[in-house]
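Following: one structure in structure tokens, then a few remarks.
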Amino acid sequence: MFLLRESLGFGSEAVATTIMQATYLAASVMFILGLKSLTRADSARRGMQQAALGMFFAVIGTMLNQHILTYQWIMIGLVVGAAVGYPMAMKVAMTSMPQFIAFSHAFGAIAATLVGVVEYRELTREGALTSGLAGALGFEVLFGALTVTGSFMAFGKLQELITGRPITFKGQNAVNLLLMAVAFGSFGYLIYNPMAAWAFYGVVGLALFLGISMVLPIGGGDMPVVISLLNSYAGLAAAATGFAIGNNVLIIAGALEGAGGFILSVMMSKAMNRSFGNVIFGAFGSAPSAAKKIGEAKEPKTITAEDAATQLAYAGSVVIIPGYGMAVAQAQHVCRELHELIEAQGGSVKYAIHPVAGRMPGHLNVIMAEAGIDYGALLTDVDDANRVLGSADIAIVIGGNDIVNPDADEDKSSPLYGMPIFRPWTSKVTYVIKRGKGVGFSGVENPLFTLDTTRMLYGDAKNALGTLVKEIKALNEGH
Ligand code: NAP
């Protein structure tokens, strides 16, 4: 890299700076295009490629920095990072993606915090620390350190290394508020007196502690909202790093991440019908009571794969509602086979994709895109999907539970009450494919399963769909 820099004639600082800024500009444009493409499932893959290309430009630009004296440690870091990160990313299951994201956030935040500490030491040694720079560095380590421990906690809860249940104690919010007040007080003092090292390191220590104490009362299953909030904090820390070390691409990328993470957290909270305030304070996602309601001991009616296949083969319109179980079973490819068979018989097939189906935002969009389902077949707006369900012959819920629980509409005491849900019971008949009587993420019973128009097809989603496909093919061959 050093030779490349010299041989390309970047010896002159002005030329090197111009080229570096041009790569940073290209990187920023790619990040923005990437985010735009990520807003649609059919262009999401391209969005990731654009963002990766942007990151490549940013790395190249940084490598051309004239202040780099030796590349030895940078190369060691690149090799170790790639050797650890690549196999991890290739092996991780889609259902484990939230903890993987939390884990990688923690490392990004460690980098931002360390840069902050090193910059603080250098600037105080040189006597060049102004109040403005101290503010940027204080902000960087505050959000960086909080994200480090918060993300490790989120990872531990999701990976079940520690209990996924909310851990609460009396006066928890008061303790958190006090910690926050002292951290912000120290931060304020640091701006007033940048040379006060105790205030700087106090902010680091308190933020590390805050990351733990703020994530403690949050239930493991609700962690994706917290992870996206921590994502936003990591973005703010990166933007502050950009201000502290005068790096424009960090400011832009950090601001995009900060805003994107925050918007996503708010959208997820809304889709799950949670108060956003609870994400920051209080026992968010505390385990709801799984008590069964008195007088609802009706047994669900079942259907055989053979009968279901016959009905599906002659159905005019079918709406498939995939949930978390579809992702666990990796049943998306066989689902597409079923879809194609129904269409070949003259029926129409649509997919109702709920914003919080699965365990991370867009989980089912990704799964269906992976199976090559046309984006046009996806109904991603809950109201639109409900309109289509109202005139469908058959609704098939595959590994879904909470997203089709009628109590969200009707039962004020339900933890799901107010969450927008799909209403498959408005179709002529509903088939539900799941392994048994397991509850969903919320832990509550689902009255949909005992309705007169619902038929249960018990089994693992992939196997059950495979059997349906075989039965329809056998029917076709029989004709
Ligand atoms: P769900 O309510 O968790 O229900 C999933 C159902 O799938 C279970 O009842 C389970 O029943 C069944 N299942 C599991 N493995 C299966 C398999 N191999 N084959 C067939 N069925 C299987 O899922 P959902 O309806 O998708 O709702 C998502 C829930 O997660 C919501 O409550 C949402 O708020 C929450 N959440 C979502 C996000 C997000 O970002 N998407 C984040 C955090 C929390 P059996 O055990 O009987 O098979």
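The values are calculated or read from the model by the stated rules, or taken from the named source; none is laboratory data. Remember, predicted model here, so these are calculated numbers, not experimental data. Cβ: placed from backbone, ideal geometry, glycine included. Neighbour counts: every protein chain shown.
Here are the numbers:
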item	result
Strands (runs of 3 or more DSSP E) within segment 345-451 that include 2 or more residues on the phi < 0 side of the Ramachandran plot, near the ligand (Cβ under 9 Å from one of its atoms) and at pLDDT 90 or above	394-398, 429-434
Residue within segment 403-426 that is among the hydroxyl-bearing types (S, T, Y), buried (at least 19 other Cβ atoms within 10 Å of the Cβ) and within 15 Å of G323 (Cβ to Cβ) present	no
Flag if T430 is within 20 Å of D393 (Cβ to Cβ) and in contact (Cβ under 8 Å) with a residue 24 or more places away in the chain	yes
In segment 452-464, residue nearest to the ligand (Cβ to nearest atom) [restricted to those that are farther than 16 Å from P322 by Cβ and in a loop (DSSP other than H, G, I, E, B)]	T453
Residue in segment 447-459 that is closer than 20 Å to R359 by Cβ and either among the acidic types (D, E) or buried (at least 23 other Cβ atoms within 10 Å of the Cβ) (or both) present	no
Cβ-Cβ under 6 Å pairs, at least 6 apart or on other chains, segment 321-349 side more than 21 Å from A385 (Cβ to Cβ) and not assigned by TED's automatic domain parsing to the domain that holds D460, far side acidic (D, E) and within 16 Å of the ligand (Cβ to nearest atom)	none
Residue count, segment 38-97 (criterion: within 29 Å of I19 (Cα to Cα) and assigned to a loop (DSSP other than H, G, I, E, B))	9
Subset tally (residues that are in contact with a helix residue (DSSP H, G or I) (Cβ under 7 Å, 6 or more places away or on another chain) and of a type outside the set (A, V, I, L, M)) for segment 155-164	4
Residue pairs meeting the criteria (Cβ under 6 Å; at least 6 apart or on separate chains; first within 16 Å of R40 (Cβ to Cβ), in segment 351-363; second more than 6 Å from the ligand (Cβ to nearest atom) and part of a loop (DSSP other than H, G, I, E, B))	I353/T380
Output for segment 316-335, where each listed residue is away from the ligand (no atom under 16 Å from the Cβ) and surrounded by fewer than 22 Cβ atoms within 10 Å (Cβ to Cβ)	G316, S317
Which numbered condition T95 fails, given (1) surrounded by 15 or more Cβ atoms within 10 Å (Cβ to Cβ); (2) at pLDDT 90 or above; (3) of a type in the set (V, I, T)	(2)
Among the residues listed as G219, G242, the single one being surrounded by fewer than 22 Cβ atoms within 10 Å (Cβ to Cβ) and within 15 Å of the ligand (Cβ to nearest atom)	G219
Residue in segment 465-472 that is assigned to a helix (DSSP H, G or I), within 29 Å of the chain's Cα centre (by Cα), more than 9 Å from the ligand (Cβ to nearest atom) and assigned by TED's automatic domain parsing to the domain that holds G399 present	yes
